[in-house]
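The values are calculated or read from the model by the stated rules, or taken from the named source; none is laboratory data. Since we're looking at a predicted model, the values are computed, not measured. Don't worry about glycine lacking a Cβ; one is built from the backbone with ideal geometry, like all the others, and counts go over all protein chains shown. These area figures cover heavy atoms from the full protein model, side chains too; ligands, DNA and RNA do not enter into them. Shrake-Rupley method; radii C 1.70, N 1.55, O 1.52, S 1.80 Å.
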Amino acid sequence: MKTPFNKYLYFGFLLLGTYQAFFNKDYMQAAASFGIGLAFDPFDPSQPWNERPTWQKIMLYVHLAIVAAMFGLGVGLNGE
């Protein structure tokens, strides 16, 4: 599936997650939105992982770290 539609879904879920995190303070929903966005690879999904440039790998790892951070905030702040 080599269409730019993946990029639109990716950035749409990033915007939704950012809105949920900063304006609604709903970190669990933000983690879910960011995680769903990660499923829509903004780069060429037919390219194997080992052949991707390093900057693409770093960007996807940072995105995964943001998902983990939002999940941690959601779990940690649940008692407040």
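Residues in region 4-25 that are touching a residue at least 24 places away in the same chain (Cβ under 8 Å) and under 15 Å from residue 74 (Cβ atoms): 2 in all. The C-beta contact set for region 56-78 (first residue farther than 18 Å from residue 10 by Cβ, second residue open to solvent by less than 70 Å² (accessible area, probe 1.4 Å) and not polar (S, T, N, Q), distance under 7 angstrom, 6+ apart or interchain) comprises 71/31; 73/27; 74/27; 74/31; 77/27.
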